[in-house]
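Heads up: the structure comes next, in structure tokens.
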Amino acid sequence: MQNLDLTPYLKEIKLPEPGSKKGENGRVLVIGGSRLFHAAAFWSASMASRLVDMVHFTSPVMENNELMRVRAKAKFWDGIVVPYDEADHYIEEDDAILIGPGMERGETTQKIVNDLLVKYPNKKWIVDGGALQEVNPQLLSESMIITPNQNQLSLLQYNLQNTKYKIPAVTLTKGPTDTITPSPTDSRLYGYTDIQIIGGSPGLTKGGTGDVLAGLVLGLAAKSPAYASCVVASHCLKVASEDLSQTTGPFFSPTDLIKQIPQTLNTLLKS
């Protein structure tokens, strides 16, 4: 675990106020999943539900598919499963939207993602997973967060190689060492620079841990600044994996991480 002074970033995390009302501490939407990768979006949504007042979940594969809707409701109990044809309402009303976990590559995902970013360019989007592989990078704005691994980031940069466009979204690049890159405005106004987050258990190589991270970013960013949310989320996930390793070694699941992170985050916030 690195000796990182999290204090300035933790101070930017908005915590529930005494006397606050339902919904005031964050409402988020998760758009994701596919017939093949159904668990990813549920991990993200379940993680976010630990931090905000309400999580809405929907999936394009539920459209005109009653069986998929039934399965979604059976698997996700930590929020509300909403019909995909009502997604626009929740995009407009919710504080932040995560799109991409569990979505398959292809023209369908490409159209869904790019159409939504064109329609709602100023919403606080967290773009992850399959959405990152199909997004037009020139649609990414400073109001957004992207959470690529190094290969996904390289693909985005390749797609921009013949342009002068630079991705303005806050970027959390995942790996053995995470790198958080601020938006141009954050750099100009607050002097933020790239920050690297080291540490973490070897168990973080398991599938699904990136989906947990995306859900953690979503939950924090619903009411807190994007850059601070990414720094705290990255550090918290790595420390949580180390906390788990004290008893299980690297033998833990994404669900174990989801259960551990609230304890780890609470400790960090009180330190």
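Things to note:
- Filter result for residue 172 (without any contact (Cβ under 8 Å) to a residue 40 or more places away in the chain and of a type in the set (A, V, I, L, M, F, W, C)): no
- Test result for residue 243, at pLDDT 95 or above, assigned to a helix (DSSP H, G or I) and within 19 Å of the chain's Cα centre (by Cα): no
- Flag set for residue 87, criterion: in a helix (DSSP H, G or I), in contact with a Ser or Thr (Cβ under 6 Å, 6 or more places away or on another chain) and at pLDDT 75 or above.
- Number of the condition not met by residue 267 [criteria: (1) under 21 Å from residue 101 (Cβ atoms); (2) part of a helix (DSSP H, G or I)]: (1)
- Within region 116-138, none of the residues are under 21 Å from residue 224 (Cβ atoms) and of a type in the set (Gly, Ala, Ser).
- Test: residue in region 222-237 that is at pLDDT 95 or above and on the phi > 0 side of the Ramachandran plot: no
- In region 111-128, the residues that are surrounded by fewer than 17 Cβ atoms within 10 Å (Cβ to Cβ) and over 18 Å from residue 186 (Cα atoms): 111, 114, 115, 118, 119, 120, 121
- Within region 129-175, the set of residues being part of a loop (DSSP other than H, G, I, E, B), surrounded by fewer than 22 Cβ atoms within 10 Å (Cβ to Cβ) and of a type in the set (Val, Ile, Thr) comprises 163, 167.
- Conditions (1) in contact with a helix residue (DSSP H, G or I) (Cβ under 6 Å, 6 or more places away or on another chain); (2) at pLDDT below 95; (3) within 26 Å of residue 15 (Cβ to Cβ); number of the one not met by residue 190: (1)
- Total residues in region 215-226 satisfying the condition of being crowded, with 24+ Cβ neighbours inside 10 Å and either touching a Gly at 6+ places or on another chain (Cβ under 8 Å) or of a type in the set (Phe, Trp, Tyr) (or both): the figure is 2.
- Pairing residues of region 123-142 that are over 12 Å from residue 169 (Cα atoms) and in contact (Cβ under 8 Å) with a residue 12 or more places away in the chain with residues that are of a type in the set (Asp, Glu) and outside any helix (DSSP H, G or I), at Cβ distances under 7 Å and at least 6 apart in sequence or on separate chains, gives 130/104.
- Residue match in region 99-114 (condition: without any contact (Cβ under 8 Å) to a residue 24 or more places away in the chain and in a loop (DSSP other than H, G, I, E, B)): no
- Counting the residues of region 21-49 that are out of contact with any strand residue (DSSP E or B) (no Cβ under 8 Å at 6 or more places or on another chain) and more than 17 Å from residue 210 (Cβ to Cβ) gives 4.
- Scanning region 15-51 for residues that are basic (Lys, Arg) and under 17 Å from the mean Cα position of the chain (by Cα) returns 27, 50.
- With respect to the stated conditions, residue 194 is farther than 19 Å from residue 265 by Cα, charged (D, E, K, R) and touching a strand residue (DSSP E or B) at 6+ places or on another chain (Cβ under 7 Å).
The values are calculated or read from the model by the stated rules, or taken from the named source; none is laboratory data. On a predicted model such as this, the values are computed, not experimentally measured, just so you know. Reconstructed Cβ throughout: ideal geometry from the backbone, glycine too, with neighbour counts over all protein chains shown.
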